[in-house]
Each structure stands twice: as structure tokens, then as C-alpha cells.
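Remarks on the structure that follows.
The values are calculated or read from the model by the stated rules, or taken from the named source; none is laboratory data. Quantities reported herein were computed from a predicted structural model and do not represent experimental measurements. Backbone-built Cβ (ideal geometry, glycine too); neighbour counts: all protein chains shown. Keep in mind that these areas ignore ligands, DNA and RNA; they rest on the heavy atoms of the full protein, side chains included. Shrake-Rupley method; radii C 1.70, N 1.55, O 1.52, S 1.80 Å.
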Amino acid sequence: MTKTHSGQRLPNLFIVGAPKCGTTAWVEYLRTHPDIFFPAVKDQCYFALDLPNFRLTNTETDYADLFAESGNAKVTGEASAMYLFSKAAADAIRNHDPAAKILIFLREQEDYLPSLHNQFLWEFAEEIEDFETAWRLSGRRASETIPVQCLEPSTLDYAAMGRFHEQVERFLISFPTERVRVFWFRDWTADPRATYLEILEFLGLHDDGRSQFPPINQGTTYRSRTLTRLVVSPPTVLRKSARLVKRITGPFGRQLHQMALKMARRHSAPGYKTIGPELREEIKRYYAEENRLLEERLGRASKPRRAIPTE
């Protein structure tokens, strides 16, 4: 049963991360099911109390308002990729609803971390363009290497971002294991239909017959970071000038700024720079024991699948 706040429905399903592992795709795949509702804006991070700069919503009333259009949906969902990294989110979500169901998406760290680094570059939350350099600075970044656009400096500790064993464990401690499901990127991309059916079974919902699972939120790079930075994150002097222009021209000035922003982001290309085999092996070795412990933990927590009916 979906929890309510002052008569409004609140989520009973949480997609908690990790980022760049399929959270955006699965929100889009699941939201079209007739019995599932997700709000329009993802990554509210309301329960990430230790990551205040990521929180788009800060009050219980505003959070409840996100789900005002959920109607009679049997499952009301919320997805915030930073919940997995947050040290506070698991407990906060449990306090909100101990009966909530949790979906976690993971990816091999040698693929996940370069993708995450590329995303941070895209957002201008990272300025070290060489991933290997950024990786070797994990946990010891000098303050001058942290861009002002970075919402939380600890997210640039790539080694910490990849410690899935401890991150998943927080949710397995906070919730009964039968209320948590973990999916690896390699598995769900190989057979998204099977994963979709497993998730519906987990949620107690019928199969609506969905068979198309197009790629969503694939990695991209700017063809010119310099050009895009001038629009997305201009120097202080230019920012002040842009604000003055917008103030003088009013709504038309703001419209021009949005047009310039869209134009700059059109100068992007799919994909990003891959890392070499030696660095891949280094990262695999770094996490080998942690991943073994995680697989062991998940093996103990796993439940057999059963067929689900269609309607």
C-alpha cells in the first residue's frame, strides 16, 4: 500500500542508483506501465540528507506534491541515482516507508567509473579530462581542482564512488532482502525484456507486453568544451554581463540564453574516450575482493524467479 502525506500518495518504490548504470533508462521503461507512476523530474535526492546540494526538494509537502498526479497507480516510484552513494538515504527511506521496495543498478567499475567521469565532464563538475589522472587522485583532490559546478567534492573520489559492496550493504541492512533487487548493467542490457519481467514480478504487477527497450541517456562528449563552457559555465565577468543583458532584455534575453545553451549542447558527439587494458585490469583488481563479497551477499539474498501473468 502506498504511504500518504495529508491525503497525497508517496512513493513505495525507489530506484537508488548507481549513476550511469541504467537508472534513467529504467524510469523511462517502467513509467509507461499502466500501474506505475514516476514524477516528471528524476533525481530529486530528497532522502540524501548528507548531500544537500543534490536535493531538489527539501520539504515534505513539496516532496508529496511531486506525486499528486499518481492517480490510482499501484506503484508510485522515485529515482535518484545518488541515493546509493549517500550514507543517509537508506535509513531515511526506511523511516519514510519500511515496506518500500528498492531497485539498485550496478556496472563493472572499469566501465562505470570512466562513464561517470565523462558525465561529470559533461556537467562541468569535473575539469581533469584524463580519467587515469582523476582516478589516481581519488581521495586526495586538492581544493583548486574541484570546479565550482561540482555539487559535492566527495563524488570526485572515484575509488569511493565504485565501492558498491558497502553502498548496497546499507540498503540490505535497512530493508529485508526480499524488498531489494540488484541488477548488473551487463545482464539487463543483454536481455532487458527478461529484466523487465523480473522487476514486474518483484512489484507484483502484470506483464503489459512491453518489448522495446531503446538505449536512453547514452554517454556523449562536447566537440568543443571551450565553446560550450563559455555558454554553460562562463567566467565571472561574462556571467555578470549575461545577467545584465537578461535583466535589460527581460524574457527575450532569457529566451536567447536558452537558445544559446541548446545550440552549444548540439555540438556534442556520442560516446567518450575508453580506457586502456592495463588500467581496466588495475581497476578490476582494486575492487576484486569487494565485488566477491558483494556477489556472496547477493547470492545469499537472491530469490528464485517465477512466471508472471499477462493481462
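Points worth noting:
- When the strands (runs of 3 or more DSSP E) confined to the range 7-112 are screened for residues that are among the basic types (Lys, Arg) and open to solvent by 10 Å² or more (accessible area, probe 1.4 Å), none reaches at least 2 such residues.
- Test: residue in the range 134-153 that is aliphatic (A, V, I, L, M), assigned to a helix (DSSP H, G or I) and farther than 30 Å from Asn95 by Cα: yes
- The helices (runs of 4 or more DSSP H) found wholly in the range 175-232 and carrying at least 1 residues that are of a type in the set (D, E, K, R) and at pLDDT below 95 occupy 225-232.
- Hits in the range 113-128 - residues which are open to solvent by less than 10 Å² (accessible area, probe 1.4 Å) and aromatic (Phe, Trp, Tyr): Phe124
Conditions (1) more than 14 Å from the chain's Cα centre (by Cα); (2) at pLDDT 95 or above, marked per residue:
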site: Ala18; (1), (2): no, yes
site: Gly22; (1), (2): no, yes
site: Phe38; (1), (2): yes, yes
site: Val41; (1), (2): no, no
site: Leu49; (1), (2): yes, yes
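- Test: residue in the range 124-132 that is outside any helix (DSSP H, G or I) and among the aromatic types (Phe, Trp, Tyr): yes
- Residue within the range 140-153 that is touching a residue at least 60 places away in the same chain (Cβ under 8 Å), surrounded by fewer than 22 Cβ atoms within 10 Å (Cβ to Cβ), in contact with a Cys (Cβ under 7 Å, 6 or more places away or on another chain) and of a type in the set (A, V, I, L, M, F, W, C) present: no
- Residue within the range 173-183 that is under 24 Å from Arg300 (Cα atoms) and in contact with a Gly (Cβ under 9 Å, 6 or more places away or on another chain) present: yes
- Of all residues in the range 154-195 being of a type in the set (Gly, Ala, Ser) and under 30 Å from Asp208 (Cβ atoms), the one that is surrounded by the fewest Cβ atoms within 10 Å (Cβ to Cβ): Ala190
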